[in-house]
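Accompanying notes for the structure given below.
The values are calculated or read from the model by the stated rules, or taken from the named source; none is laboratory data. Bear in mind the structure is a predicted one, so any value in this text is a computation, not a measurement. Here the Cβ positions follow ideal geometry from the backbone for every residue, glycine too, while neighbour counts run over all protein chains shown. The accessibility values were calculated without ligands, DNA or RNA, using every heavy atom of the protein model including side chains. Shrake-Rupley method; radii C 1.70, N 1.55, O 1.52, S 1.80 Å.
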Amino acid sequence: MSDSPLNCDFPETDIEQQLEKRLYRTHGERLASPPARKVAGISDSSEEMDYGVAYISERFMDIRTAFLIFRRFQLVVINLFMIIALSVMWMIGQFYYGVFSASAALLLPLWVAVYLFEIFFPLTLPVRIDRQKRFVYAGHRGTFYRIPWDELEVSFSHNLQYLGSGVVWERQYYSHLYLRDKHYFCGKAPRRPLQRKKLSSGFKEEDIYRKWNFIVRYHNEGIVEGDDDNLATANYDAYIKHVGFKSLRVSLIDHFFFIFFMPTFIWWKFAPFKFKWPKEIEDVFGKFNCY
């Protein structure tokens, strides 16, 4: 597979080369802003964007970063795997004594460890888009930045995933937000003049573009028809507001799946270990934290 640039029409950039320390190298970087503009031919709909949105209103929107998106869904995969694996081992154990006990002794501690990680590892903050004042707020290792929308620097790039020696397995695509020390707002003083924060990543290039187009559309137009329905499961409060308890049967079924397969959907509302926006940003928006 050739190491070609991404398919969008944005200009190539060397902004990554300006970083003092690159944790990993990406390729074919394209600068999507400034000025912030959409990728041509890609939808800007909020459909299937609930995973990446922590909160939305006419005033501002909180965007989940790549790490938060991973944490939201990791228990879905792990729970399904554990349930299926233990079920298979139980059936085999009906014919071979000790198979289920040995499997459970290995898998259950791992299962518990994942839950302990989810319970005690603090929830990080999303990126906040303030469409009313035209600022973007982002926290990075205790430093908080306020970036004017017209100076926002977001890029698309990709990395090559290798399977064995020199054999390319897949491409992983990224969008990054660049943080300059001139946009420092509060918290710890910036350690470097330029840093970057991962906004999203995935193996489908179009999905990275769709999320960006949705962000640009939201900033320019606000909430449009269909957003309320598409983002009804962005967080637990939005779900309760949208669905409520009008249908007891639907509510019970939904909560069953939330509890057993995606408990973070409810847990994140009550989790005690969370990072919070500093006082300087709370003075702007009030004490409002979403994850």
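Working only within the stretch 185-210, note down all residues that are basic (Lys, Arg), within 18 Å of Asn7 (Cβ to Cβ) and surrounded by fewer than 20 Cβ atoms within 10 Å (Cβ to Cβ).
Lys204
Find the strands (runs of 3 or more DSSP E) located wholly in the stretch 42-139 whose residues include 2 or more that are modelled with pLDDT of 90 or more and open to solvent by 10 Å² or more (accessible area, probe 1.4 Å), and list them.
53-56
Testing Arg146 on (1) farther than 26 Å from Leu6 by Cα; (2) surrounded by 21 or more Cβ atoms within 10 Å (Cβ to Cβ); (3) modelled with pLDDT of 95 or more, one condition comes back false. Which one is that?
Only one criterion in (1) farther than 26 Å from Leu6 by Cα; (2) surrounded by 21 or more Cβ atoms within 10 Å (Cβ to Cβ); (3) modelled with pLDDT of 95 or more is unmet by Arg146, namely (2).
Among what's in the stretch 254-274 and is charged (D, E, K, R) and modelled with pLDDT of 85 or more, pick the residue that is least open to solvent (accessible area, probe 1.4 Å).
Only one residue tops the list, namely Lys274.
So if I check each of Tyr218, Tyr209, Tyr291, which one is assigned to a loop (DSSP other than H, G, I, E, B) and not hydrophobic (A, V, I, L, M, F, W, C)?
Exactly one residue qualifies, and that residue is Tyr291.
Take Ile208 and tell me if it is closer than 18 Å to Glu48 by Cα, at pLDDT 85 or above and of a type in the set (A, V, I, L, M, F, W, C).
Criteria met by Ile208.
Of the residues Met82, Met49, Met91, only one is more than 30 Å from Asn220 (Cα to Cα) and either touching a residue at least 24 places away in the same chain (Cβ under 8 Å) or in contact with a Lys or Arg (Cβ under 6 Å, 6 or more places away or on another chain) (or both); which?
The match here is Met82.
Could you tell me which of the residues Val284, Val250 is more than 20 Å from Asn230 (Cα to Cα), assigned to a helix (DSSP H, G or I) and of a type in the set (Val, Ile, Thr)?
On inspection, the qualifying residue turns out to be Val284.
Which residue, of Thr143, Thr233, is touching a Cys at 6+ places or on another chain (Cβ under 9 Å) and polar (S, T, N, Q)?
Thr143
Any idea which residue in the stretch 1-41 is modelled with the lowest pLDDT, counting only those that are assigned to a loop (DSSP other than H, G, I, E, B), more than 25 Å from Arg217 (Cα to Cα) and of a type in the set (S, T, N, Q)?
This residue is Ser2.
Does Val224 qualify as being at pLDDT 85 or above, within 16 Å of Met49 (Cα to Cα), open to solvent by less than 10 Å² (accessible area, probe 1.4 Å) and hydrophobic (A, V, I, L, M, F, W, C)?
The answer is no for Val224.
Out of Leu194, Leu160, Leu177, I need the residue that is within 16 Å of Ser33 (Cβ to Cβ) and in contact (Cβ under 8 Å) with a residue 60 or more places away in the chain. Which one?
Checking each option against the conditions leaves just Leu194.
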